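Asks: I'd like to ask you about the structure that follows.
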Amino acid sequence: MTPTFGWSLDLTGRRRLSVVLPIVLLTTTVAATGVQAGGYDPASDVNSMASITDATGAQAWWAAGYTGQGVDVALIDSGVAPVQGLTASGKIVYGPDLSLESQASNLTNLDTYGHGTFMAGLIAGQDDSLTTPYEGAPASAYRGMAPDARIVSLKVATADGGVDTSQVIAAIDWVVQHRNDNGLNIRVLNLSYGTNSSQWYGVDPLAYAVEQAWDAGIVVVAAAGNSGYQTKGSSPALANPAYDKRIIAVGAVDTNGTATLADDTVPDFSAAAKTGSARAPDFVVPGVHVQGLRVPGSYIDGLDGKTVLDDRFMRGSGTSESAAITSGAAALILSKYPRATPDQVKRLLKSGAYDLPLQNSRQAGSGELRLGTVLSMPLPLYVQTIEPATGGGSLELARGLDHLTRDGVVLKGEQDIFGKAFSASAIGILEDAGHAWTGGTWNGSVWTGSSWSGNSWSGSSWSGNSWSGNSWSGSSWSGNSWSGNSWSGNSWSGAGWY
């Protein structure tokens, strides 16, 4: 299978949810229930997180005392399940669940898709058995790039990855507005997804939202894309919002099963600047056959063609993985330089990249991520001269080809999931002022609660109608057609689960 964006599945025959989040399509091995790799040994796997943290230079930063401590990474994705590697005390803070599954109490915040958990592990995974010094721990102890960073999870996607662009914009606005709540220090935002927007990033409302995060001091990392959406003329090949030139856009690199950099190549799926003035990735990061955390019973876990390594791990390929690894790298830099601006972090990451001999800059940007080379470098004094986005564009064009459908009604045009009119200009004014959210209300509808309860943001029962004209309150979100037996059975209420 080739990793790709824009994939869809009919779950019920009644509500069709088209995917905007990229599926973590794994290896090319096809089997009815996946392939189990017997006797998996991460120490001998070039694509294990033990190997990747060593090769990228993350372990050198740990040895110098920089582990991501004090840095929060916002993850807008499909939620995070409390699997081993993400159960350390305080590791996960749950922001609002803005997904359609937020209305099912047994699914709220949990990762029914399996994508967000995989990303969270790459960013800041930390096994209970992992002890300091982290660089001296055995390879069997799973660790992400920034083991002491904290994940702030905002769930937007359902079990098949379905999410609308309006949900993602709302989530970004929440991150910006609440980045310092209750001791939070959100300095990195990971966006391992994209749309194939057909408008210039300068007016695109999703791109405008991420620029507001950037201007608020948050390093925004976005996956470049898994198929190079647009290849004609000078149109952008990278996904939205990665095609925004101000943020960090990350492509994938394949180690080809060796520890040497000389034979590393950019896989065909990784979006690149193919024509004209299209934007290239800033750099590339391992994104093929990467070891990550499984969510048993999730949608991805049941896909044909996946490679299961053992009870805990599976492999993932895509620029999603590359973005997550980069977000962890940014957290390491910010643990050393807590006052660094996003522009400075971007500059430092690009300046240390290794120029791949087999690739050109249209494919690999500045080259392959290397953190070790910049550990002793001073923080560059740097301000980007790229003209900021102005916003005011079309939400519909920002969606590209992928749309949610409910009861046969496609969510399209300038409206959000509640059917409320969406004005990019009006939202942009509120974003500029830092007041896009009023309590749990965004764009005139109540999406979530308005307060914290411990490490979780409160929820809310949706009232009114969806874009289809039918009442949210009359919908059933917890039946087997949505959650499956594995998501309402004992496996999710037993020991070790929240």
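The values are calculated or read from the model by the stated rules, or taken from the named source; none is laboratory data. Predicted model only: the values in this text are computed from it and were never measured. When we count neighbours, we look across all protein chains shown, and the Cβ atoms used for this are built from the backbone with ideal geometry, even at glycine. Only protein heavy atoms, including side chains, enter the accessible area calculation; ligands, DNA and RNA are left aside. Shrake-Rupley method; radii C 1.70, N 1.55, O 1.52, S 1.80 Å.
Asks: What does the highest-first list of 438-450, 57-69 look like by mean Cβ count within 10 Å? Intermediate results must be reported in sequence, preceding the final value.
Replies: Working: 438-450: 17.5, 57-69: 20.9.
Final packing ranking: 57-69, 438-450.
Asks: Could you give the length gained on full extension between Leu379 and Ser351, defined as 0.36 nm per residue of separation minus the Cα-Cα distance, in nm? It would help to have the intermediate numbers written out before the result.
Replies: On the way: separation 28, 0.36 × 28 = 10.08 nm, distance 1.07 nm.
Working it through step by step, the gained length comes to 9.0 nm.
Asks: Further question on the same structure: Using only helices, what value at 222 nm comes out for the chain when you add -39,500 (n - 2.57) per DSSP H run of length 4 or more and divide by the total residues, to the nearest 500 deg cm²/dmol?
Replies: Details: 11 runs with 99 residues, N = 498.
Calculated mean residue ellipticity at 222 nm is -5500 deg cm²/dmol.
Asks: Summing +1 for each Lys or Arg and -1 for each Asp or Glu, what net charge is found among the other residues whose Cβ lies under 14 Å from the Cβ of Ala421?
Replies: Numbers: positive: Lys412, Lys420; negative: Glu396, Glu414, Asp416.
With Lys, Arg at +1 and Asp, Glu at -1, the net is -1.
Asks: Could you tell me which of rounded, prolate or oblate describes the stretch 318-360, using a ≥ b ≥ c as the square roots of the eigenvalues of the alpha-carbon gyration tensor, with rounded for a/c under 1.5 and, failing that, prolate when a/b is larger than b/c and oblate otherwise? It would help to have the intermediate numbers written out before the result.
Replies: Working: a/c = 2.79, a/b = 1.52, b/c = 1.84.
Here the stretch 318-360 falls in the oblate category.
Asks: If you don't mind, there's one more thing I want to ask. Check which residues have an amide H placed less than 5 Å from Val73's amide H, if you skip close sequence neighbours.
Replies: Arg150, Ile151, Val152
Asks: Looking at (i) 22.1; (ii) 37.1; (iii) 24.7, which value of Kirkwood radius over Cα pairs in Å comes from a calculation on the structure shown?
Replies: (i)
Asks: Each label point is 7 Å from the Cα along the Cα-to-Cβ direction; what then is the distance between the points at Val410 and Gln84, in nm?
Replies: The two pseudo-label positions are separated by 4.6 nm.
Asks: Additional query: For Asn185 and Leu401 in the same chain, what is the full-extension length gain: residue separation times 0.36 nm, less their Cα-Cα distance, in nm? Spell out each step's value before the answer.
Replies: Working: separation 216, 0.36 × 216 = 77.76 nm, distance 3.51 nm.
This chain segment gains 74.3 nm when fully extended.
Asks: Tell me, what is the 1.4 Å probe accessible area of Met314, in Å² to the nearest 10?
Replies: Accessible area of Met314: about 10 Å².
Asks: Moving on. Please compute the modelled spin-label separation between Ser423 and Thr390, points set 7 Å along Cα→Cβ, answer in nm with one decimal.
Replies: Once both label points are built, they end up 1.8 nm from each other.
Asks: Oh, and also: What net charge is computed for the residues neighbouring Leu191, neighbours being all others with C-beta under 11 Å from the C-beta of Leu191, Lys and Arg scored +1, Asp and Glu -1?
Replies: -2
Asks: Would you mind getting me the FRET efficiency between Gln69 and Trp452? Use the beta-carbon distance for r and R0 = 22 Å, nearest 0.05. Each step should come with its number before you reach the end.
Replies: Values: r = 22 Å, r/R0 = 0.99.
Calculated value: 0.50.
Asks: What ranking do 398-405, 334-341 get when scored by the average of other Cβ atoms within 10 Å per residue, highest first? Walk me through the intermediate numbers first.
Replies: Details: 398-405: 21.6, 334-341: 16.8.
Going from most to least packed, we get 398-405, 334-341.
Asks: Here's a follow-up. Can you give the accessible area per residue of the chain, in Å², using a 1.4 Å probe?
Replies: 33 Å²
Asks: Only Lys, Arg, Asp and Glu count, each charged at its Cβ (+1, +1, -1, -1), so figure out the dipole size of the chain about its Cα centre, rounded to 20 debye. List each step's numbers first, then the result.
Replies: Working: 29 positive and 42 negative charges, 87 e Å.
Roughly 420 debye for the chain.
Asks: Same structure again: Which ³J(HN,Hα) values in Hz, rounded to whole numbers, follow from the phi angles of the stretch 66-72 under the Karplus curve 6.51 cos²θ - 1.76 cosθ + 1.60, where θ = phi - 60° and Gly and Pro get x?
Replies: Going residue by residue, I get 10, 10, x, 4, x, 10, 9 Hz, with x marking Gly and Pro.
Asks: Separate question: Tell me the net charge near Pro147. Cut-off is 11 Å between Cβ atoms, Pro147 excluded, with +1 for each Lys or Arg and -1 for each Asp or Glu. Could the numbers behind the result be given before it?
Replies: Details: positive: Lys91, Arg143, Arg150; negative: Asp127, Glu135, Asp148.
Summing Lys/Arg as +1 and Asp/Glu as -1 gives 0.
Asks: Let me ask another. Go through 139-146, 451-458, 353-360, 412-419 and give me the packing order, highest mean Cβ count within 10 Å leading. Write out the running numbers ahead of the final one.
Replies: Values: 139-146: 25.4, 451-458: 14.2, 353-360: 16.2, 412-419: 17.9.
In descending order of packing, they fall as 139-146, 412-419, 353-360, 451-458.
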